Every structure is written in C-alpha cells, then in structure tokens.
1. Counting just the residues of segment 30-54 that are under 24 Å from residue 77 (Cα atoms) and without any contact (Cβ under 8 Å) to a residue 40 or more places away in the chain, which one comes out surrounded by the fewest Cβ atoms within 10 Å (Cβ to Cβ)?
2. Could you please find all residues in segment 178-212 being without any contact (Cβ under 8 Å) to a residue 24 or more places away in the chain and not in a helix (DSSP H, G or I)?
3. Which one is nearest to residue 120 (Cα to Cα), of the residues in segment 5-31 that are modelled with pLDDT under 85 and in contact with a helix residue (DSSP H, G or I) (Cβ under 7 Å, 6 or more places away or on another chain)?
C-alpha cells in the first residue's frame, strides 16, 4: 500500500460505527414521532444520510432496528453503571439516582409516544414482546440483581427481589405517568418530580430496609 493510501473502512471501523450510530439516532426519532408501522426503512436511511442497503446490512430488518433503538434509548438514560453492585455511597443515594433516571426516561416525549404506540391494535404481539424485553424487562432484571446484592449484604430485607423491583418502578410511575399517557398533563416540573421520587424511595426503604 502506498503511504498516501488509506485502508478501506470495514465492519467495526470508525466510519462504519458512525453510520450505525446515525441510523440508530434516526430510528429513535422517527419511531417515537411516527410509530413503528408508519416508518419505513427508506425514511430511516434518508434521515440517517445512508443508503437503505446500509441500514439492512447493520440491522437486518425493521423489527431488529426497533429493538436496537429501544435498547439504545434505555441504555442512554439508564446506563448499566447505575446498577453496578460496587457503586460507592449510601443505598438511599443509589436508589435516588436510579429513580431520577427512570422517571426522566418514562416521562420523556419519546417514551410516552412509544408506549402509546404499544397500546394500538396494529402492533402485533411479537413486537410488543420485543419492546418489553429490550426496555422494561432489562431494567427490572438489572435492578433485581442489585437488590439481591444489597440483601446479601444485610442492607435490605426482601423475600422476593423480582417482585420488589416491579413494585419500585410501579411506585415511581405513580398516577402522573397514567395522566401523561392519557394526555391529561405534561411532564411534571422538577420540584414536583423530586418530591415524588423522594417519597417513593422513602416508602420503599421503609418497606424493605433492615430493622436495626
């Protein structure tokens, strides 16, 4: 190879990874705005500035791209390090960080639009399952693992960590999330959200905190 020549970009190279990121960003925007059924791979390709063949080469089909888009959005707002077992600091602070990130995610415009889409009749059951596994199930399982570690350390007394995980996130959604889903209110202001999150974490710790 001559000194002036550059190696061609291949799978995993920076240029290739840049295209994948552009496709994912485009998919997240379009799926949240227009819904799964109304968005085409042509639209996603145009929005990302790549060819449709490039989209298919990275993700295979629209369902796989939707799954990746949901996973990417969840990872963006609920990164894995939130659930790391060795995260320093008091348990209450860790629960608050997780609660704030989760509440910001579920109250975002993209999440509300996507969840409304899941409730429509023209979304098949397989796609709903894909959405559940990529989003809520991942979060519930990661949090349950964290809770079990805290139980093992004697910081929590929880007979069923899977159930406790579901309860924590259900409490965080509260009535405000249902009202948002129905279009009866907008995203709550920061002060109201903080009060709700503080009360939820306190209730959870009163229920499952160890009695010393």
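1. Per the criteria, the residue is 34.
2. Selection gives 182, 183, 184, 185, 186, 189, 212.
3. Ranking the qualifying residues of segment 5-31, first place goes to 10.
The values are calculated or read from the model by the stated rules, or taken from the named source; none is laboratory data. Treat the numbers as computed from the prediction; the structure is a model and nothing was measured. Ideal geometry is used to build each Cβ from the backbone, glycine not excepted, and the neighbour counts take in all protein chains shown.
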